Amino acid sequence: MINITLPDGSKREFPGPVTVAEVAASIGAGLAKAALAGKVDGKVVDTSFQMAVDSALSIITAKDADGLEVIRHSTAHLLAYAVKELFPDAQVTIGPVIEHGFFYDFSYKRPFTPEDLAAIEKKMTELANKDEPVVRRVLPRDEAVAYFKSLGEQYKAEIIASIPSNEDVSLYREGKFEDLCRGPHVPSTGKLKHFKLMKVAGAYWRGDHRNEMLQRIYGTAWATKDELQQHLTMLEEAEKRDHRKLGRELDLFHIDEHSPGTVFWHPKGWTLWQGVEQYMRKVYQDNGYLEVKGPQIIDKSLWEKTGHWDKYRENMFITESEKRDYALKPMNCPGHILIYKHGIKSYRDLPLRFGEFGACHRNEPSGGLHGIMRVRAFTQDDGHIFCTEDQIQSEVVAFTTLLQKVYKDFGFTNIIYKLSTRPEKRIGTEESWDRAENALAEGLRASGCDFEYLPGEGAFYGPKIEYTLKDALGRPWQCGTIQVDPNLPERLDAEFVGEDGARHRPIMLHRAIVGSLERFIGILIEESAGALPAWLAPVQVAVLNITDAQAEYARSVAKTLQNQGLRVNLDLRNEKITYKIREHSMQKLPYLVVIGDKEMAAGAVAVRARGGQDLGAMPLESFIERITTDIANKSS
């Protein structure tokens, strides 16, 4: 007899081996119809999977996260099936699940067009409506290689040939299409109902620029029609908020082909940049950080000592002078240790907190660049805390509290906390890892933070906390981090004199709050849809006259506002006031001040707030009080 234990603890007994589908049917017809897969002893499997020994089983449906994963995986195969039906000469390569959907890479003699994409999606719907069974079989590796070669699928044959010769491989067939895959998959194509193809992009075979450029078709798939529609609506809103689009419209910055992966900041964009940097500089000053500045170019020998030369060389920009090799720094930490080492440090000096707005360069592949979110030249609000092991927990508490305040000031209150623990390959003793992980965990608990563990995701030298904020569209952005590192102080021979008079190694805590300023500003632009709060807006108020008769009074109003430290745009153009209001409103300014004869006679201003809100006429002093209060409170 086979005993199957269900999630509620109940057991079902079967006379012999039983499949997931058969167990689901024994529970009820509704569950049998809804079943997409099963989780047997913690592993997700097909509904056709047979259990020959006592097992714990959960039936997976579209309501489960694992079910959505199976739907997306299976929809990627449905995409490949449709492409082969419409374009028999196309070769299929790989098609994994990604966040919110999937993609599949194809080799084909010409680029796919938008019309092709529409036809492929239509064919996918036709194939899904056939409700063809998805059937798994297993072949020896060499037999599978020969099979795909016979089909003309050279890429699949190459993938399989890289698998050890003593291993079998699994194939899944639906209708006339069969593909290499570990699975699991839905039991039939009819389970795939809510999907949409999004775009075509280029992708090198196996991610190597020396290989053929393939065509990558992206798609999204969901469990219900409503979820699909919500996602598409979110994407439409995200497109409106795209920082690249808004950067052009608001004249903040541009990216130029003469310097790919770097940002050309325009006057208004640089004003925004300075608003973020100066705010963070005040955060440093108010929280015990000493601002430092390290050089951009450092000798190769230092990067060899830190290990970056061996592990990170291809992402570093290299230069040479007088037969010495140098690298533009990709991170600031080694420089901070050299500053720390300049002079003897005592235990009384710890914790010692250094901060730097450090410009870094990383040779990112061109295909990975994305506006100001992913660049080759960027500046970090980088900080390093040198402390003792006993001080880690208190520093985590102080840092977490500080990070929460900073995020709140920028308008983010939804923060996700994750603790990444020891990876399989690591240095240090188990006891030191225990202490470091416990200090981070206790620091989060003392800060009142609920968090999740990410087992094995820590750096090789120590655990870390990741702080992820969510924006107005619910999108996650991992910005902040604090990492425990005993390794670099060891490699670069950093020390302090302890209370016992002996020399000890400090612990180095790598920490960032906003991370890359470029990326964080991109997030702010998209979060606000370009309507930045008054304290950050490059132009906080525009002063507009109706006719030339009010020009002198308008100038005096603008001068008074500027003397209050406000960023003002004075518009005295001989244009209709409706045109000027519309033009400045499109620039998403927090306030417009309109001046006509009545306002001039009363020594007042007519105020319009962002969004077309007419606040009416008021004394200039009242408006100044209003806008300065907005700025002080960091409100919109």
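So the values come out like this:
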{"item": "The one condition in (1) in a helix (DSSP H, G or I); (2) under 33 Å from the mean Cα position of the chain (by Cα) that Val557 fails to fulfil", "result": "(2)"}
{"item": "Sole exception among (1) exposed (fewer than 15 other Cβ atoms within 10 Å of the Cβ); (2) modelled with pLDDT of 90 or more; (3) closer than 16 Å to Gly95 by Cβ; (4) not aliphatic (A, V, I, L, M) for Arg182, by number", "result": "(2)"}
{"item": "Any chance Val396 is at pLDDT 95 or above and either surrounded by fewer than 21 Cβ atoms within 10 Å (Cβ to Cβ) or part of a loop (DSSP other than H, G, I, E, B) (or both)", "result": "no"}
{"item": "Within the stretch 445-481, tally of residues that are touching a Lys or Arg at 6+ places or on another chain (Cβ under 9 Å) and assigned to a helix (DSSP H, G or I)", "result": "0"}
{"item": "Residue satisfying condition, being more than 23 Å from the chain's Cα centre (by Cα), assigned to a helix (DSSP H, G or I), farther than 22 Å from Pro489 by Cβ and of a type in the set (Asp, Glu), within set Glu437, Glu442", "result": "Glu442"}
{"item": "The stretch 19-63: number of residues that are of a type in the set (Gly, Ala, Ser), buried (at least 17 other Cβ atoms within 10 Å of the Cβ) and farther than 18 Å from Val134 by Cβ", "result": "2"}
{"item": "Residue within the stretch 508-518 that is of a type in the set (Ser, Thr, Tyr), modelled with pLDDT of 90 or more and either loosely packed, with under 15 Cβ neighbours inside 10 Å or in contact with a strand residue (DSSP E or B) (Cβ under 8 Å, 6 or more places away or on another chain) (or both) present", "result": "yes"}
{"item": "Conditions (1) within 30 Å of Ser432 (Cα to Cα); (2) surrounded by fewer than 21 Cβ atoms within 10 Å (Cβ to Cβ); (3) touching a helix residue (DSSP H, G or I) at 6+ places or on another chain (Cβ under 9 Å); number of the one not met by Val539", "result": "(1)"}
{"item": "The stretch 419-456, subset among the acidic types (Asp, Glu) and more than 24 Å from Val406 (Cβ to Cβ), residue surrounded by the fewest Cβ atoms within 10 Å (Cβ to Cβ)", "result": "Glu424"}
{"item": "Residues of the stretch 95-152 classified as in contact with a Leu (Cβ under 8 Å, 6 or more places away or on another chain), in contact (Cβ under 8 Å) with a residue 60 or more places away in the chain and farther than 17 Å from Glu85 by Cβ, total", "result": "3"}
{"item": "Residue match in the stretch 562-569 (condition: without any contact (Cβ under 8 Å) to a residue 12 or more places away in the chain, closer than 30 Å to Tyr407 by Cβ, over 35 Å from the mean Cα position of the chain (by Cα) and part of a loop (DSSP other than H, G, I, E, B))", "result": "yes"}
{"item": "Flag for Leu492 being surrounded by 15 or more Cβ atoms within 10 Å (Cβ to Cβ), in contact with a Cys (Cβ under 8 Å, 6 or more places away or on another chain) and touching a residue at least 60 places away in the same chain (Cβ under 8 Å)", "result": "no"}
{"item": "Listing of strands (runs of 3 or more DSSP E) fully contained in the stretch 1-101 that carry 3 or more residues being among the acidic types (Asp, Glu) and farther than 30 Å from Gln154 by Cβ", "result": "none"}
{"item": "Residue match in the stretch 337-354 (condition: over 21 Å from Tyr461 (Cβ atoms) and within 30 Å of the chain's Cα centre (by Cα))", "result": "no"}
{"item": "Residue count, the stretch 160-169 (criterion: hydrophobic (A, V, I, L, M, F, W, C) and in a loop (DSSP other than H, G, I, E, B))", "result": "1"}
{"item": "Selection within the stretch 313-363 - assigned to a helix (DSSP H, G or I) and of a type in the set (S, T, N, Q)", "result": "Asn315"}
{"item": "The stretch 170-228, subset assigned to a strand (DSSP E or B), under 28 Å from the mean Cα position of the chain (by Cα) and of a type in the set (Gly, Ala, Ser), residue farthest from Ser107 (Cα to Cα)", "result": "Ala221"}
{"item": "Any hit, the stretch 529-551, residues being outside any helix (DSSP H, G or I), aromatic (Phe, Trp, Tyr), closer than 30 Å to Ser585 by Cα and modelled with pLDDT of 95 or more", "result": "yes"}
{"item": "Residue check for Arg362: crowded, with 17+ Cβ neighbours inside 10 Å, of a type in the set (Lys, Arg), free of Cβ contacts under 8 Å to residues at least 60 places away in the same chain and within 30 Å of Leu532 (Cα to Cα)", "result": "yes"}
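Residue by residue, here is whether (1) assigned to a helix (DSSP H, G or I); (2) buried (at least 18 other Cβ atoms within 10 Å of the Cβ); (3) at pLDDT 95 or above holds:
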| site | (1), (2), (3) |
| --- | --- |
| Asn574 | no, no, no |
| Tyr579 | yes, no, yes |
| His584 | yes, yes, yes |
| Lys588 | no, yes, yes |
| Ala606 | no, yes, yes |
| Ala617 | no, no, yes |
| Glu621 | yes, no, yes |
| Arg626 | yes, no, yes |
| Ser635 | no, no, no |
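The values are calculated or read from the model by the stated rules, or taken from the named source; none is laboratory data. In this text the structure is predicted, and so the values were computed from the model without any measurement. As a convention, Cβ positions derive from the backbone with ideal geometry for all residues, glycine included, and neighbour counts pool all protein chains shown.
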